[in-house]
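Derivation of every value follows stated rules applied to the coordinates shown; laboratory data play no part. Everything quoted here is computed from the prediction, not taken from an experiment. Please note: Cβ atoms are built from the backbone with ideal geometry, for glycine as well, and neighbour counts cover all protein chains shown.
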Number of protein chains: 2
Amino acid sequence: MNHPIPTVLRREMPAALLAGLQARFGDRLSTSQAMCEHHGRDESSYDPMWPDAVVFAHSTEDVAAAVALCNEYRFPVIPYGTGTSLEGHILAIQGGVSIDLSQMNQVVSVNAEDLTVTVQSGVTRKQVNLEIKDTGLFFPIDPGADASIGGMAATRASGTNAVRYGTMRENVLALTVVTAEGKIIRTGTRAKKSSAGYDLTRLYVGSEGTLGIITEVTLRIYPQPEAISAAVCSFSDIASAVNTVIQTIQMGVPVARVEFVDENSVRALNKHDKLTLPEKPLLLFEFHGTEHGVTEQAEVVQQIADEHGAIGFEWATRPEDRTRLWQARHNAYFALLQLRAGSRAISTDCCVPISRLADCLLQTKADLEHENIVHGIIGHVGDGNFHVQMLVDPNDPADVARAEAVNERMVTRAIAMQGTCTGEHGVGLHKIGFLVQEHGEDAIDVMRTIKHALDPHNIFNPGKVIRW
Amino acid sequence: MNHPIPTVLRREMPAALLAGLQARFGDRLSTSQAMCEHHGRDESSYDPMWPDAVVFAHSTEDVAAAVALCNEYRFPVIPYGTGTSLEGHILAIQGGVSIDLSQMNQVVSVNAEDLTVTVQSGVTRKQVNLEIKDTGLFFPIDPGADASIGGMAATRASGTNAVRYGTMRENVLALTVVTAEGKIIRTGTRAKKSSAGYDLTRLYVGSEGTLGIITEVTLRIYPQPEAISAAVCSFSDIASAVNTVIQTIQMGVPVARVEFVDENSVRALNKHDKLTLPEKPLLLFEFHGTEHGVTEQAEVVQQIADEHGAIGFEWATRPEDRTRLWQARHNAYFALLQLRAGSRAISTDCCVPISRLADCLLQTKADLEHENIVHGIIGHVGDGNFHVQMLVDPNDPADVARAEAVNERMVTRAIAMQGTCTGEHGVGLHKIGFLVQEHGEDAIDVMRTIKHALDPHNIFNPGKVIRW
């Protein structure tokens with residue numbers, strides 16, 4: 001696809017830097033075309049832009065050594081986890097060394113009694129849950145992909161459980177970070193709260209590799225709830241579905257998950273997963289608590305849903321039924337792609353105060369229909385966050401431009417409603433302009449001042465988040 | 001008392017700056033001794049160090065104008081809310097202009113449907129709750145004092161409800177901040193989550209006036225629970241009380257508050273509040289939820305407490321009984337002071353991972369007893385946070401030094417247990433050295449780099465948090 005990428009000079013990799021990396025990393029350094037190409041693409045619709053070399057790190061010290069060398073030669077370094085970012089985060093637009101953290105996949109310590117776990121950055125979210133399974137605890141943050149924890153921290157990721165458990169912002173307690181000078185720092189402790197100085201943890205969370213490289217992460221984990229139940233119901237229109245959610249949140253019902261699936265996405269899912277859901281706007285709920293507590297929550301929600309004309313409110317308490325429903329939700333992205341053969345998806349990510357959710361969704365839907373764009377909308381609506389998947393022909397610039405224009409109008413709308421251009425995907429390359437629109441030039445200047453101070457030679461993932 | 005204050009040059013206030021401020025603020029500028037003295041003391045045990053002038057701001061623009069002038073003349077500015085900080089935060093150790101925000105006490109907007117409220121920095125936490133009372137919502141963060149919201153944000157404050165609702169870190173959605181150049185920025189939006197760029201909100205939260213001046217704060221607020229109940233029980237020893245808490249947290253019981261009161265504090269409270277509590281270690285619980293939910297929580301906690309030998313587990317569901325118990329908890333500080341006539345309290349604030357809480361508390365208790373220091377211990381133990389109040393004779397340097405030595409050993413112990421030197425009071429003047437011990441020189445260097453970048457002339461509350 002032909003997204004515009006900022007025109008920048010691709011820097012030349014100094015031979016001495018390559019030699020220094022070779023001396024330090026031996027066969028853990030690769031400059032093969034295949035390897036570089038693999039590390040120059042993510043799940044965005046950008047064409048790949050590959051790095052000059054890939055280093056496979058096994059330790060924080062490895063990362064520190066590679067960064068120190070790159071800093072000496074003023075050459076870009078880009079951390080790489082699983083390559084599942086969505087906004088072009090890892091593209092080597094100025095060239096650079098990709099530091100692959102996927103082999104830093106050790107759990108450093110499980111502190112079940114404190115509800116914390118410390119992992120290396122390359123550990124994925126599913127691996128965390130496998131490793132702590134026997135403790136009766138779990139890690140709730142679940143972006144679509146089985147992303148690395150380091151990558152999730154770097155993009156401030158969230159997912160379906162965020163409405164109850166928060167995002168990476170709330171669930172990262174401490175980090176190990178490599179600075180531009182190649183120094184290793186620890187931000188935060190394992191204490192649940194602290195007023196000890198500047199909150200470096202949350203400065204690096206969401207910094208997308210532009211301020212330092214995260215090599216270890218201490219996470220909060222949670223007791224598995226005594227009981228879980230799920231519910232599903234359909235509505236004749238989007239407004240009724242969304243208003244059900246708004247009222248549920250406003251009443252303080254502690255739902256663990258509440259997901260919206262529009263009628264297009266339901267149609268796609270029925271086809272893809274051989275389901276027979278009514279092809280109308282749908283809500284999926286999950287409740288966590290005691291046996292009695294989840295029943296109580298579901299009853300309140302059913303009552304609210306009924307008041308908004310819910311159709312076929314169904315509970316699913318059996319694990320297999322719950323899994324089937326949630327699996328379907330997770331398949332929505334791939335199911336949707338099949339609605340238009342040969343298409344690629346442009347995925348949006350705005351988030352608004354919940355009282356504005358129905359307005360924002362409905363106005364966006366009208367725009368999509370007016371523009372005749374094949375699309376589906378799914379959303380973490382309990383947080384006011386939703387994604388439009390617009391299916392475009394990657395070889396038709398006019399088609400792509402039309403979709404981008406809808407996105408731009410939607411983001412402008414969300415910002416006017418005191419919302420944000422990205423609820424969980426991050427800025428990467430794609431939202432640099434929107435970020436300015438959202439925060440204003442003066443706040444962006446503060447961000448830029450921090451970037452310049454912590455990365456004076458602009459080696460950390462240059463060209464992402466903010467313009468130098 | 002004779003705490004050591006870092007030896008720094010008191011800067012001379014330029015006459016042109018004074019004239020500029022007078023021209024801009026007229027009778028909202030004061031240089032009277034009484035006014036300056038009042039703005040140069042907090043609730044720490046430091047002797048006051050007063051500013052050269054006090055400006056009463058009525059708007060963000062007022063603050064911006066004052067800051068721009070001070071920046072032009074490289075002269076310190078210190079924000080002032082209610083003067084209730086505990087670590088010398090607002091002492092004008094290099095002289096300066098105190099910007100009093102207490103008249104910026106307007107609620108900017110209540111967005112009940114989004115569970116947010118935006119207030120000027122001078123609004124106090126009790127005022128927030130008064131202003132939103134009719135909405136059925138409440139703001140849970142409750143440090144001991146009726147502090148200003150701006151001050152609470154600046155010190156990353158918390159209190160008794162943090163175990164369930166989080167601290168200012170989790171409950172500030174966005175800020176209006178005046179930068180060193182006198183620019184006004186807005187950090188964040190009213191969306192519940194966002195991945196849009198560096199988390200400036202959380203960088204300013206806890207920065208103690210050293211990076212900018214917070215003039216408006218958007219807070220999360222919560223539906224008042226359908227039901228509230230409280231419980232109280234005593235234990236024969238500290239370990240049993242603390243282990244009850246540890247197990248409660250580990251089981252995921254969503255307690256709203258759980259406070260520990262040691263036997264000395266109980267004795268003081270009995271005297272002060274004419275109560276007849278057993279003079280043993282005590283736990284106070286509060287449960288929020290549905291009618292059935294709070295009963296369920298209380299039953300689980302009672303069972304855990306019983307297993308640890310709880311004495312006299314009592315429920316208090318009547319509001320007046322609950323209020324009496326919690327009022328007593330809030331009076332603990334003043335009650336304790338009466339245990340030693342003419343004394344002042346040195347208050348500590350460490351916070352450890354909850355599994356280390358019993359160890360940390362017991363070792364500290366042993367040290368206090370060994371040193372024969374009159375003291376009480378109270379704690380937000382659900383978060384692993386506790387305060388020792390050591391009653392010292394302010395005129396006896398040896399007495400003060402002995403107490404400081406106990407504190408130092410305790411902080412060292414807490415840091416070794418992967419905890420923090422301050423759970424909620426902040427760094428101010430008192431904990432600058434401990435901060436280095438906790439984070440290490442390299443992480444402090446990152447903080448210092450940020451300070452230098454955002455406040456190049458060191459005008460914002462100089463000499464606090466980190467050494468220049």
Hey, can you rank A:393-400, B:134-141 by average C-beta count inside 10 Å, highest first?
B:134-141, A:393-400
Across the residues of B:165-171, average count of Cβ atoms on other protein chains within 10 Å?
3
Taking only Cα atoms, what is the 0 to 90° angle, nearest 10, from helix A:60-72's long axis to the longest principal axis of chain A?
60 degrees
Mind checking which of A:Ser121, A:Pro140, A:Ser158 is farthest towards the positive end of region A:67-181's charge dipole, using Cβ charges of +1 (Lys, Arg) and -1 (Asp, Glu) about the Cα centre?
A:Ser158
Viscosity 1.567 mPa s, temperature 4 °C: Stokes-Einstein D of region B:305-385 from its Kirkwood Cα radius, in µm² per second?
85 µm²/s
Just want the answer: with Cβ charges of +1 for Lys and Arg and -1 for Asp and Glu, which residue in B:Leu101, B:Cys351, B:Gly182 is farthest toward the dipole's positive end in chain B?
B:Gly182
P(r) tail fraction, region B:238-319 - alpha-carbon pairs more than 19 Å apart, %
38 percent
Overall Cα dimensions of region B:108-216, principal axis frame, Å, largest first
39, 29, 25
Mind checking the mean number of beta-carbon atoms from other chains within 10 Å of the Cβ atoms in A:105-111?
1
Relative contact order (%) - criterion: Cα under 8 Å, at least six apart; region: region A:335-433:
38 percent
Expressed as an acute angle from 0 to 90° and rounded to the nearest 10, what is the orientation of the C-alpha long axis of helix A:238-250 relative to the principal long axis of chain A?
80 degrees
Taking B:Asp262, A:Asp47, A:Asp27 and counting other C-beta atoms within 10 Å, the order from fewest to most
A:Asp27, A:Asp47, B:Asp262
Amide H contacts under 5 Å for A:Thr215, restricted to residues at least 5 apart in sequence or on another chain and with H modeled in the peptide plane, are A:Thr176, A:Val177, A:Val178
How large is the Kirkwood hydrodynamic radius of region A:354-413, in angstrom, based on all distinct alpha carbon pairs?
11.9 Å
Report, to the nearest 10°, how far helix B:263-273 tilts away from the longest principal axis of the Cα atoms in chain B, using its own Cα long axis and a range of 0 to 90°.
80 degrees
Over the Cα atoms of chain B, compute the convex hull volume and normalise it per residue, giving Å³.
144 Å³
Centroid-to-centroid separation of region A:285-329 and region A:35-88 [C-alpha atoms, Å]
43 Å
Express in whole angstrom the spacing between the alpha-carbon centres of region A:145-213 and region A:432-468.
18 Å
Local net charge near A:Thr412, Cβ-Cβ under 15 Å (Lys/Arg +1, Asp/Glu -1)
-2
With contacts defined as alpha carbon pairs under 8 Å and 6 or more residues apart, what's the relative contact order of chain B in percent?
16 percent
With the label set 7 Å along Cα→Cβ, B:Pro394 is separated from its counterparts in the other copies, in nm and shortest first, by 7.3
Give the cross-link partners of B:Lys280 among the lysines, using a straight C-alpha distance below 28 Å as the criterion and excluding same-chain residues fewer than 8 apart.
A:Lys192, A:Lys193, B:Lys271, B:Lys365
Ellipticity estimate at 222 nm from DSSP helix runs (n ≥ 4, -39,500 (n - 2.57)) divided over the protein assembly as shown, nearest 500:
-11000 deg cm²/dmol
At 7 Å out from Cα toward Cβ: B:His452 inter-copy label distances (nm, ascending)
1.4
Note: A:445-456 gets an average of partner chain Cβ contacts (10 Å, Cβ to Cβ) equal to 5
What are the nm distances, shortest first, from A:Ala34 to its equivalents in the other copies, labels at 7 Å along Cα→Cβ?
8.4
Long-range Cα-Cα pairs in region B:199-340 (distance over 17 Å), rounded percent
65 percent
Which listed residue (B:Tyr46, B:Cys36, B:Gly20) has the Cα farthest towards the positive end of the charge dipole for region B:1-151, taking +1 on Lys and Arg C-beta and -1 on Asp and Glu C-beta about the Cα centre?
B:Gly20
In percent, how large is the relative contact order of region B:203-296, given Cα pairs closer than 8 Å and 6 or more residues apart?
39 percent
Expressed as a whole percent, how much of the Cα-Cα distance distribution for region B:180-244 exceeds 18 Å?
62 percent
Please compute P(r) over all alpha-carbon pairs of region B:1-106, binned at 10 Å starting from zero, and give each bin as a whole-number percent.
16, 50, 28, 6
Write down Rg/Rh for region B:299-457, rounded to two decimals, with Rg from the C-alpha atoms and Rh from the Kirkwood relation over Cα pairs.
1.04
Starting at the first residue of region A:103-111, write each ³J(HN,Hα) from the Karplus equation 6.51 cos²θ - 1.76 cosθ + 1.60 with θ = phi - 60°, in whole Hz, x for Gly and Pro.
8, 8, 10, 9, 7, 6, 7, 10, 10
Using the Kirkwood formula on alpha carbons, the hydrodynamic radius of the protein assembly as shown in angstrom works out to 28.7 Å
If you wrap a convex hull around the alpha carbons of region B:162-277, what volume per residue comes out, as a whole number of Å³?
190 Å³
